[in-house]
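A short write-up of the structure that comes next.
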Amino acid sequence: MFEDNQKKLYVIVNRQQDPALLLNATAHVAAGIMRKAEDVLFNDYPNAESGLRASLSHYPVVILQAKK
């Protein structure tokens, strides 16, 4: 499934909440955990048109939903 399964973050969210709230909370949780992690690895995805680049974590964040 994933190329590198050494590290993964699982987040379980309540599907009854607003999706924007869940996305915000999940992003903050992931950022906080990554700040404490050792040996973090990010992959760069440059955009030739704009000159900008995105740095995405090499390790996946898996988001699961619960009924409540």
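Every number here is computed from the coordinates shown, using simple stated rules; none is lab data. Worth saying up front: this structure is predicted, and the values here are computed from it rather than measured. Don't worry about glycine lacking a Cβ; one is built from the backbone with ideal geometry, like all the others, and counts go over all protein chains shown.
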_Antiparallel versus total DSSP beta bridges in segment 9-66: what percent is that, nearest 5?_
45
_Taking the alpha-carbon distance from LYS36 and a cut-off under 19 Å, which lysines remain once sequence neighbours fewer than 8 residues away in the same chain are dropped?_
LYS7, LYS8
*Folded to 0 to 90 degrees: helix 19-36 orientation relative to the chain principal axis, Cα*: 60
_Ranked list, fewest to most other Cβ atoms within 10 Å of each Cβ, for LYS8, LYS68_ = LYS68, LYS8
*Along the three principal axes, how long is the chain when you take its alpha carbons, biggest first, rounded to the nearest angstrom?*
42, 30, 26
*asked:* Around VAL13, under 13 Å between beta carbons, what's the net of Lys plus Arg minus Asp minus Glu among the other residues?
replied: +2
*Check each of the trypsin sites (Lys or Arg not before Pro) in segment 12-58 and keep only those in coil by DSSP with at most 12 other C-beta atoms within 10 angstrom; list them in order.*
ARG15
